[in-house]
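The values are calculated or read from the model by the stated rules, or taken from the named source; none is laboratory data. Remember, predicted model here, so these are calculated numbers, not experimental data. Here Cβ is always computed from backbone atoms with ideal geometry, including for glycine, and neighbour counts include all displayed protein chains. Heavy atoms of the whole protein, side chains included, go into the accessibility calculation; ligands, DNA and RNA do not. Shrake-Rupley method; radii C 1.70, N 1.55, O 1.52, S 1.80 Å.
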Amino acid sequence: MFESIYNKFKLHFYQETFSRFQDREASLTTVEAFAMEAIYALGSPTVHEFAEFMRISSSNAAYKIGSLIRKGYVEKVQSESDGREYHLRPTQKYLDYYRISSSYIHDVMDRIRQRFSEEDLTKMGEILTVMSEELMPEVTVPASGVKA
């Protein structure tokens, strides 16, 4: 059942994305879209942190980041604590793109809150917390990352 729900979220995102780009070329490739989702979820990683998380070389990561910067989806922001370090931050252009997916998640969550009792919602929250914190050890998101 979980796979079915996950697929529905993906399919809704694809429907919305394709319908918005039917008359013009999408400016993000599939790989770039995945890269942007990772950058957003990681919460302003450095290029090195992004490369390490994605298990790619720093030079490959730098190339992908350069393309995303040129397309206006991400910017490098100098670290306040270490001037030699730069963090990747999604731009408003990406946030507008991301909203296609996140708005549907919020709609479904609102429907869940309306449909289920407070007790059911508490139990669902407990289950999702265990899934995230205990049952998915392969994906570690830094504390600064996005909280779903």
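Miscellaneous remarks
- For the stretch 3-93, the relative contact order works out to 25 percent when only alpha carbon pairs closer than 8 Å and six or more residues apart are counted.
- With Cα atoms, 0 to 90° folded angle of helix 118-133 axis to the chain main axis: 40
- Mean ellipticity per residue at 222 nm, deg cm²/dmol - from DSSP H runs of n ≥ 4 across the chain, formula -39500 (n - 2.57): -20500 deg cm²/dmol
- Highest average first, the peptides 38-45, 12-19, 78-85 ordered by how many other beta carbon atoms sit within 10 Å of their residues are 38-45, 12-19, 78-85.
- Rg over Rh, two decimals, the stretch 33-94 (C-alpha only, Kirkwood Rh): 0.93
- Partner lysines for K10 [C-alpha distance under 26 Å; skip if fewer than 8 residues away on the same chain]: K64, K71, K93, K123, K147
- Taking Cα atoms only, the orientation of helix 58-70 departs from the longest principal axis of the chain by about 80 degrees.
- Less than 5 angstrom separates the built amide H of V74 from those of I69, T91, all sequence-distant by 5 or more or on a different chain.
- Relative to its residue count, the chain spans a Cα convex hull of 143 Å³ per residue.
- Carbon plus sulfur fraction of accessible area for the stretch 61-113, probe 1.4 Å, in percent: 49
- Gyration tensor (alpha-carbon) shape descriptor, the stretch 66-116, a/c threshold 1.5: oblate
- Available extension along the chain between R99 and V139 is 12.1 nm, counting 0.36 nm per residue and deducting the alpha carbon span.
- Coarse-grained scattering of the stretch 61-148 at q = 0.17, 0.22 Å⁻¹, given as base-10 log I(q)/I(0) from a Debye sum over alpha-carbon atoms: -0.98, -1.16
- Under Karplus coefficients 6.51, -1.76 and 1.60, residue-wise ³J(HN,Hα) of the stretch 2-10 in Hz, glycine/proline x: 4, 4, 4, 5, 4, 4, 5, 4, 4
- Space enclosed by the convex hull of the alpha-carbon atoms of the stretch 91-141, per residue, Å³: 97
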